[in-house]
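Input: a single structure, listed below in structure tokens.
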Amino acid sequence: MELLDGKKTSNDIKEEIAQKVIELKNQGKKTPHLAAVIVGENGASLTYVNAKVKACEKVGFESTLIKLPTSVTEDELLAKITELNTNEDIDGFIVQLPLPDHIDEHKVTLAIDPMKDVDGFHPENLGRMMLNLPCFLPATPAGILELLDRYNIETSGKDCVVIGRSHIVGSPMSVLMARNTKIGNCTVTLTHSRTQNLKEITKRADIVIVALGKSEFLTADMVKEGVVVVDVGITRVKDESKKSGFKLLGDVKFDEVAAKSSYITPVPGGVGPMTIASLMLNTLQAIDMK
Ligand code: NAD
């Protein structure tokens, strides 16, 4: 078994980006600028956003963190988005999800200028993805493609099962793994909460991508020997022995599944850091697209 080390790979990517930023500066060009909007005090969301801002600093990007209270109205948030859309200095921005119940996530996603949509959630970017046209790919699936690519995982003709059909991970992931691209060309099965006989389906898979948000869901009896496993899940579980008071668990029962796998991502240190790396790559791409 070999680890698909997202932490190391994302550090390699960050070094490459940092070099690119120096080149841009030397050419007298603009420093890439990523903004992140967060609404409310959700602990996990704050952690993710802070990690994104810190990563920007590390590669030499400019970053802006906009914290809005839970009480912010939908109109106020939409006005902030318009401001970011028109601010020439901001190359790309994200609105951290989830949002409070009184705000319509779809309205927010639709309000973001597709040319600044570095999370790749806008329908225009998702549509262009379907057609294999230049676009911002959704950050988490794009990070997974990059990780598989850098480990030279053969995907062409393979049987790939994706568990979970969310708009931000599972659904776009299934499209990307089926596209006629270097990392792609799989025969993909997209599974979800209504799927019957999931174990029979996953047992046939050469590649399993798990994104359902149920800790340690995928067990050794659900996979075949030599499988490639990508674990997207992140669940916080109480752990008094940790300073933070919790530990992070993935959607895969790691030890037993790792024993049968050829390659597997750990949690933490797998897909999470790759999501952040993709966000940075998308922000660089935003500059090129200008
Ligand atoms: P979601 O809650 O939007 O969707 C979950 C999906 O899982 C649904 O499509 C549902 O049909 C499916 N599902 C639920 N129970 C199932 C079952 N028993 N069998 C098969 N499918 C089932 O989830 P999401 O936003 O895609 O997130 C999934 C997980 O990935 C979460 O733990 C989230 O925190 C994590 N996540 C991690 C990153 C990262 O960067 N590492 C990014 C995004 C999400």
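The values are calculated or read from the model by the stated rules, or taken from the named source; none is laboratory data. This one's a predicted model, so the numbers in the text were calculated from it and none came from an experiment. Note that each Cβ is placed from the backbone with ideal geometry, even for glycine, and that neighbours are counted across all protein chains shown. Ligands, DNA and RNA are excluded from the accessible area calculation, which covers all protein heavy atoms including side chains. Shrake-Rupley method; radii C 1.70, N 1.55, O 1.52, S 1.80 Å.
Yes or no, residue by residue, for (1) modelled with pLDDT under 95; (2) farther than 27 Å from G269 by Cβ; (3) not charged (D, E, K, R); (4) not in a helix (DSSP H, G or I):
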site: N11; (1), (2), (3), (4): no, no, yes, no
site: V21; (1), (2), (3), (4): no, no, yes, no
site: L34; (1), (2), (3), (4): no, no, yes, yes
site: V53; (1), (2), (3), (4): yes, no, yes, no
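For (1) closer than 21 Å to R150 by Cα; (2) not β-branched (V, I, T), each residue gets a yes or a no:
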{"site": "S174", "(1), (2)": "yes, yes"}
{"site": "T181", "(1), (2)": "yes, no"}
{"site": "T219", "(1), (2)": "no, no"}
{"site": "K243", "(1), (2)": "no, yes"}
{"site": "K247", "(1), (2)": "no, yes"}
Subject >> Within the stretch 39-48, tally of residues that are open to solvent by less than 40 Å² (accessible area, probe 1.4 Å) and closer than 17 Å to K7 by Cα >> reply: 0
**OP:** For G270, state whether it is within 12 Å of the ligand (Cβ to nearest atom) and in contact with a Pro (Cβ under 9 Å, 6 or more places away or on another chain).
**Re:** no
**OP:** Could you identify the single residue in F61, F93 that is touching a residue at least 12 places away in the same chain (Cβ under 8 Å), surrounded by 14 or more Cβ atoms within 10 Å (Cβ to Cβ) and within 17 Å of I38 (Cβ to Cβ)?
**Re:** F93
Subject >> Subset of the stretch 151-172 (residues that are touching a Gly at 6+ places or on another chain (Cβ under 7 Å), more than 9 Å from the ligand (Cβ to nearest atom) and part of a helix (DSSP H, G or I)) >> reply: none
**OP:** Take the stretch 96-105 and flag every residue that is crowded, with 16+ Cβ neighbours inside 10 Å and touching an Asp or Glu at 6+ places or on another chain (Cβ under 7 Å).
**Re:** L97, L99, I103
Subject >> Criterion violated by V175 - all others in (1) part of a helix (DSSP H, G or I); (2) open to solvent by less than 10 Å² (accessible area, probe 1.4 Å); (3) more than 13 Å from the ligand (Cβ to nearest atom) satisfied >> reply: (2)
**OP:** Please report, ordered by residue number, the strands (runs of 3 or more DSSP E) entirely within the stretch 191-258 with at least 2 residues that are modelled with pLDDT under 95, more than 10 Å from the ligand (Cβ to nearest atom) and aliphatic (A, V, I, L, M).
**Re:** none
Original post:
Looking at (1) more than 30 Å from A220 (Cα to Cα); (2) loosely packed, with under 15 Cβ neighbours inside 10 Å; (3) free of Cβ contacts under 8 Å to residues at least 60 places away in the same chain, can you tell me which one L84 breaks?
Top reply: (2)
**OP:** Scan the stretch 106-128 and give yes if some residue there is assigned to a loop (DSSP other than H, G, I, E, B), surrounded by fewer than 20 Cβ atoms within 10 Å (Cβ to Cβ) and touching an Asp or Glu at 6+ places or on another chain (Cβ under 8 Å), otherwise no.
**Re:** no
